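To start, the structure under review is shown below, and the notes come after it.
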Amino acid sequence: DIPQAVTTVTNQLMHDQQVGSLREALRNVSGLTFNAAEGGRSGDNFMLRGFYTFGDIYMDGIRDTAVYNREAFNLEQVDVLRGSAAMLFGRGQAGGVINQVSKMAKLEDEHLITGSLGEYNYHQFTGDFNKQLAETVAIRVNVMDRKEETYRENSANGDSPVFDRKGLALSIGAGIG
């Protein structure tokens, strides 16, 4: 009976906004702020209701405490529960939890390819391929390729920072339905 506010960022919203990372998806959530590598931690670094979320980020209900930039190409939705986290997820902060829900294989043939181009050699391509193999068996493959540079240059050698990421996620379901 502990009150919690739940915000779900759906796959459709992430697709409509061309979201590429968890940080971009969470811009839709009130009460959540972004930090910039304070305390020596780079990557996804959030505050939820004023509490640090280092131990309160989950992937499919399993704690995901690594410090890295999380991609959104394989996310079905992101659930943000604001309020005491300990009631549902065990040890946690008073701020709440962020749970990423992965895309899973489903019983239908569906294929989606997206692409974006921009300045400074920016490109992003994603593919979401789902194939029903039998009456209760399906496979889903998600791929992503993103590269971006910046207009800023290192004055000493002229180099520009480059962000180059690739991803592959596979889901096989048996006994679906």
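Which residue is farthest from residue 103 (Cα to Cα), if the candidates are limited to segment 168-177 and must be in contact (Cβ under 8 Å) with a residue 60 or more places away in the chain and open to solvent by less than 80 Å² (accessible area, probe 1.4 Å)? Give the steps one after another, and end with the answer.
Step one: of segment 168-177, the residues in contact (Cβ under 8 Å) with a residue 60 or more places away in the chain are 169, 171-173, 176-177.
Imposing the further condition that a residue be open to solvent by less than 80 Å² (accessible area, probe 1.4 Å) reduces the set to 169, 171, 173, 176.
Values: 169: 9, 171: 8, 173: 11, 176: 14 Å.
Selected residue: 176.
Hey, can you tell me all the residues within segment 2-18 that are within 26 Å of residue 146 (Cα to Cα) and either touching a strand residue (DSSP E or B) at 6+ places or on another chain (Cβ under 8 Å) or part of a helix (DSSP H, G or I) (or both)? I'd like the intermediate steps shown before the answer.
At the first step, the residues of segment 2-18 found to be within 26 Å of residue 146 (Cα to Cα) are 8-18.
Matches in segment 2-18: 8, 9, 10, 11, 12, 13, 14, 15, 16, 18.
Mind checking which residues of segment 70-128 are of a type in the set (Phe, Trp, Tyr) and closer than 13 Å to residue 146 by Cα? Spell out the reasoning first.
First pass over segment 70-128, keeping only residues of a type in the set (Phe, Trp, Tyr): 73, 89, 120, 122, 125.
Hits for segment 70-128 are 73, 120, 122, 125.
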- prompt: Which of the residues that make up segment 86-137 are closer than 27 Å to residue 165 by Cα and either touching a Cys at 6+ places or on another chain (Cβ under 7 Å) or small (Gly, Ala, Ser) (or both)?
  reply: 102, 105, 115, 116, 118, 127
message: Here's a check for you: in segment 107-128, which residue that is aliphatic (A, V, I, L, M) and open to solvent by 70 Å² or more (accessible area, probe 1.4 Å) is nearest to residue 152 (Cα to Cα)?
response: 117
task: Starting from residues that are among the acidic types (Asp, Glu) and within 11 Å of the chain's Cα centre (by Cα), keep the ones in segment 56-84 and report whichever is nearest to residue 13 (Cα to Cα).
output: 76
message: Report every pair of residues separated by at least 6 positions or lying on different chains whose Cβ atoms are under 6 Å apart, first residue within segment 18-35 and surrounded by 13 or more Cβ atoms within 10 Å (Cβ to Cβ), second at pLDDT 90 or above and part of a helix (DSSP H, G or I).
response: 19/25; 25/14; 32/26
message: Among the numbered criteria (1) touching a helix residue (DSSP H, G or I) at 6+ places or on another chain (Cβ under 8 Å); (2) open to solvent by 50 Å² or more (accessible area, probe 1.4 Å), which one does residue 97 miss?
response: (2)
- line: Taking first residues from segment 104-130 that are free of Cβ contacts under 8 Å to residues at least 12 places away in the same chain and second residues anywhere that are among the aromatic types (Phe, Trp, Tyr) and surrounded by 12 or more Cβ atoms within 10 Å (Cβ to Cβ), the pairs with Cβ under 7 Å that are 6 or more apart or on different chains are 115/125
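Give segment 150-167 a look and list any residue that's closer than 16 Å to residue 19 by Cβ and either free of Cβ contacts under 8 Å to residues at least 40 places away in the same chain or open to solvent by less than 40 Å² (accessible area, probe 1.4 Å) (or both), or say none.
So in segment 150-167, the residues closer than 16 Å to residue 19 by Cβ come out as 163, 165, 167.
Residues satisfying the conditions are 163, 167.
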query: Can you tell me how many residues in segment 129-149 are open to solvent by 40 Å² or more (accessible area, probe 1.4 Å) and more than 14 Å from residue 106 (Cβ to Cβ)?
result: 5
query: Restricting the search to segment 119-156, which residues are among the basic types (Lys, Arg), at pLDDT 90 or above and out of contact with any Leu (no Cβ under 8 Å at 6 or more places or on another chain)?
result: 131, 146, 147
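The values are calculated or read from the model by the stated rules, or taken from the named source; none is laboratory data. The shown structure was predicted, so the numbers you read here are calculated from the model rather than taken from an experiment. All Cβ positions, glycine included, derive from the backbone under ideal geometry; neighbour counts span all protein chains shown. What goes into the accessible areas is simple: the full protein's heavy atoms, side chains included, and nothing from ligands, DNA or RNA. Shrake-Rupley method; radii C 1.70, N 1.55, O 1.52, S 1.80 Å.
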